[in-house]
1. Across the stretch 14-35, what is the number of residues that are of a type in the set (D, E, K, R) and in a loop (DSSP other than H, G, I, E, B)?
2. Being modelled with pLDDT of 95 or more and either outside any strand (DSSP E or B) or on the phi < 0 side of the Ramachandran plot (or both) is the filter here; which residues of the stretch 75-84 pass it?
3. Restricting to the stretch 6-43, name every residue that is closer than 18 Å to ASP84 by Cα, open to solvent by less than 70 Å² (accessible area, probe 1.4 Å) and of a type in the set (A, V, I, L, M).
4. Could you count how many residues in the stretch 36-69 are over 21 Å from GLU18 (Cβ atoms) and part of a loop (DSSP other than H, G, I, E, B)?
Amino acid sequence: MALHFELVTPERLVRSDEVYMVTVPGTEGDFAVLEGHAPLMATIRDGNVLVQMTPNAAPETIAVRGGLAEVNARGLTLLAEHAD
């Protein structure tokens, strides 16, 4: 099973992939999202999003500044103010 992950900024779609797990820098603390995660909306703080393509893969790091995270039946969408 895979998690559908999208990272979007006001300028562009940064990433759209099927991944294993994403760790998000939430304002209330970091949280990890896997396929089947309960629906959730959270604000994100400046920090690093960690994307794991497979269970044993080293995570890829994407720096983000602010925004929102939404988990629903379709997957995880991050609406970031800025992403590097």
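1. Applying the first criterion (of a type in the set (D, E, K, R)) to the stretch 14-35 yields 15, 17-18, 28, 30, 35.
Narrowing further to those that are in a loop (DSSP other than H, G, I, E, B): 28, 35.
The qualifying residues number 2.
2. We begin by selecting, within the stretch 75-84, every residue modelled with pLDDT of 95 or more; these are 75-83.
Listed by number, the residues that qualify are LEU76, THR77, LEU78, LEU79, ALA80, GLU81, HIS82, ALA83.
3. LEU7, VAL8, VAL14, VAL22, VAL24
4. Looking only at that region, the number is 2.
The values are calculated or read from the model by the stated rules, or taken from the named source; none is laboratory data. It should be emphasised that the depicted structure is a prediction, and the values quoted were computed from it without experimental measurement. Methodologically, a virtual Cβ is constructed for each residue, glycine included, from the backbone with ideal geometry; neighbour enumeration extends over all protein chains shown. Surface accessibility is based on the protein's heavy atoms, side chains included, excluding ligands, DNA and RNA. Shrake-Rupley method; radii C 1.70, N 1.55, O 1.52, S 1.80 Å.
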